[in-house]
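None of the figures in this text is laboratory data; all of them are computed from the coordinates on show. These figures come from a predicted structure and were not determined experimentally. Here Cβ is always computed from backbone atoms with ideal geometry, including for glycine, and neighbour counts include all displayed protein chains.
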Amino acid sequence: MHILITAGPTREPLDPVRYLTNRSSGRMGYALAEAARNEEHEVTLISGPVTLPAPEGIHLVKVETAREMYEAVQKHLSKADAAIFAAAVADYRPAVKAEQKIKKGAETLTLELERTEDILGSARSVFGFKGCLVGFAAETEKLIEHAQDKLVRKGCDLIIANDVSQPGIGFDSVENAVTLCLPGGRTQVMPRQSKAALAGELIQLISRLAR
Ligand code: CTP
Ligand code: CA
């Protein structure tokens, strides 16, 4: 199978020397890419800026902004049998990027932000993707409720829900614990383990769902 994966944060420039971003190491997405490759799947990894080395034996597409990630997904999605959206995409970007460095002046500064493209939310509705569609939901409260809502709203086959209020798991960590949210309100808890081990189990489940 061909699996497309998004990973890492995006960076939204404010001026030539500053940007808005999200907390994300990219580890979960990269672990999924490696696990998929280890299962002999063809992998396209669309990655925001991370410090991780490029996994061998996969097609890596590097992007910075949400718009670049959106365009890269649009370009590569049609050849995928399954798509896993693990990126922490910025929800807003500065409405204007200053041409020159913004100089320090008044005591307060208000930024105007505009919404970015919802990449996962466009997979079915804009790109017409018919394959197995998997998203993540990072939540600090009402984990299952929010994840189920995203499952339905974005037309997913699976949402991997992450409780990011718990220390030691989630975005900057080596380990993760997740709850799987499936259509019809079904859920399944996957206990805390390394992201590599979790990725292996998730790829097996996703390849079953995609068949
Ligand atoms: N996602 C995306 N493009 C965006 C925002 C999110 O592709 N612009 C994807 C993420 O990669 C993840 C899923 O959508 O797989 C859910 O991301 P999340 O931030 O939890 O959901 P949002 O829809 O942005 O809602 P909110 O941040 O308000 O909870
Ligand atoms: Ca978001």
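So here's what we get for this one:
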{"quantity": "Normalised contact order of the chain, rounded percent, pairs of Cα under 8 Å and 6 or more residues apart", "calculated": "21"}
{"quantity": "Total lysine pairs whose alpha carbons fall under 27 Å of each other in the chain (8 or more apart, or interchain)", "calculated": "23"}
{"quantity": "Inter-label distance for Val164 and Asp15, nm, one decimal - labels placed 7 Å from Cα along Cα-to-Cβ", "calculated": "2.7"}
{"quantity": "DSSP bridge pairs, the chain: antiparallel proportion in percent, nearest 5", "calculated": "40"}
{"quantity": "Label point distance in nm, Ala95-Leu182, each placed 7 Å from Cα along Cα→Cβ", "calculated": "4.5"}
{"quantity": "Rounded to whole Å, sorted largest first: equivalent-ellipsoid semi-axes of the range 53-127, Cα gyration tensor", "calculated": "32, 16, 10"}
{"quantity": "Full-stretch length increase - Phe127, Leu113 - with 0.36 nm per residue and alpha-carbon distance subtracted", "calculated": "2.5 nm"}
{"quantity": "Cβ charges +1 (Lys, Arg) and -1 (Asp, Glu), total dipole of the chain, debye", "calculated": "180"}
{"quantity": "Shape category assigned to the range 129-192 from the gyration tensor of Cα positions, a/c cut at 1.5", "calculated": "prolate"}
{"quantity": "Among Val164, Val61, Val96, residue whose mean-square fluctuation peaks in a GNM of the chain (springs only between Cα atoms under 10 Å)", "calculated": "Val96"}
{"quantity": "Highest-fluctuation residue, Asp163, Asp15, Asp81 considered, GNM on the chain with Cα pairs under 10 Å", "calculated": "Asp15"}
{"quantity": "Cβ-based net charge around Lys101, under 14 Å, with every Lys or Arg adding one and every Asp or Glu removing one", "calculated": "+2"}
{"quantity": "For the chain, with +1 on Lys and Arg beta carbons and -1 on Asp and Glu, the positive-most of Val89, Ala35, Ala197 along the dipole", "calculated": "Val89"}
{"quantity": "Ratio of the Cα radius of gyration of the chain to 2.2 N^0.38 Å, where N counts its residues", "calculated": "1.03"}
{"quantity": "Residues listed by number, the range 5-33, amide nitrogen under 20 Å from Ala106 label point at 7 Å toward C-beta", "calculated": "14-15"}
{"quantity": "Gaussian network model of the chain, springs between alpha carbon atoms under 10 Å - residue of Ala87, Ala106, Ala36 with greatest fluctuation", "calculated": "Ala106"}
